[in-house]
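Take a look at the structure set out below.
The values are calculated or read from the model by the stated rules, or taken from the named source; none is laboratory data. These numbers come from a predicted model, not from an experiment. Quick reminder, even Gly has a Cβ in these numbers, built from the backbone with ideal geometry, and neighbours come from all protein chains shown.
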Amino acid sequence: MKPQRRAWAVMLAAFLASIVVAINQFKVPPVMQALMAHFGADMATAGWLASATGVVGLVLAIPSAFILLRLGLRATGIVALACTVVGSAIGGLAQSTGVMLAGRLIEGGGYALIAVAAPAAISAWFEPKERGLPMGIWASWVPVGNVIMFNLAYPLLNAFGWQGIWWFGALAGAVALVVYGLVVSEPPAEAKPEPVSLGRAGRLLLNPTAWLLGLALATFGFS
């Protein structure tokens, strides 16, 4: 496969993986009433089920970058999708809100890792001047996953109950895992960016611009 075609294949695999993770992230809100009725949960508990993935994503945002440095693009993405599959399967089998919450926390690990691995894979395979379009497409992963889940949730709920949504999420995660594992790899040596040491990555945490950008994005998210 030509390098340019391979780069786009990597981008599409990373995009698919990200969308699947987002689909799983947003599966609680459209069926929250059904979950509350099934588990006898109050609104506060249901809120935790909905937001648990985001909380884990917040906690693991910076550690995920160091995990990526250790494991590489392919392994990090595979671990992210494995978390999605396992977490969703645990939720599908859950008989209590505690078990359901545990599954959601595991899914949150996948959310944190794919949010770092996917753009890193795209950046690694595309030259700086060519990254605008693929990164712009990838940046739509959260709203795309949101729209897909909110449109599929009710048909799945009516056909299979809320558990069907969780098993759909696990199946989608398994498919994305296979695709990601087969397609994504480290770029050729001549195209591979200069590696970043853990020490240098640690020093980057002292860069005020990075923190300002993070604060701006966090403010946007809260709004």
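Per-structure values
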item	result
Enumeration of residues in region 24-59 that are in contact (Cβ under 8 Å) with a residue 60 or more places away in the chain and either among the aliphatic types (A, V, I, L, M) or not in a helix (DSSP H, G or I) (or both)	26, 27, 28, 31, 34, 35
Checklist (1) modelled with pLDDT of 95 or more; (2) surrounded by fewer than 18 Cβ atoms within 10 Å (Cβ to Cβ) applied to residue 165, failing item	(2)
Qualifying position, being farther than 23 Å from residue 156 by Cα, part of a helix (DSSP H, G or I) and at pLDDT below 90, among 78, 62	62
Selection count where residues are free of Cβ contacts under 8 Å to residues at least 60 places away in the same chain, crowded, with 20+ Cβ neighbours inside 10 Å and farther than 14 Å from residue 169 by Cβ, scope region 98-119	4
Of residues in region 120-132 being surrounded by fewer than 24 Cβ atoms within 10 Å (Cβ to Cβ) and not aliphatic (A, V, I, L, M), the one farthest from residue 82 (Cα to Cα)	129
Qualifying positions in region 97-115 - among the β-branched types (Val, Ile, Thr) and either touching a strand residue (DSSP E or B) at 6+ places or on another chain (Cβ under 9 Å) or farther than 13 Å from residue 59 by Cα (or both)	97, 99, 114
Residue in region 118-131 that is within 14 Å of residue 22 (Cα to Cα) and under 19 Å from the mean Cα position of the chain (by Cα) present	yes
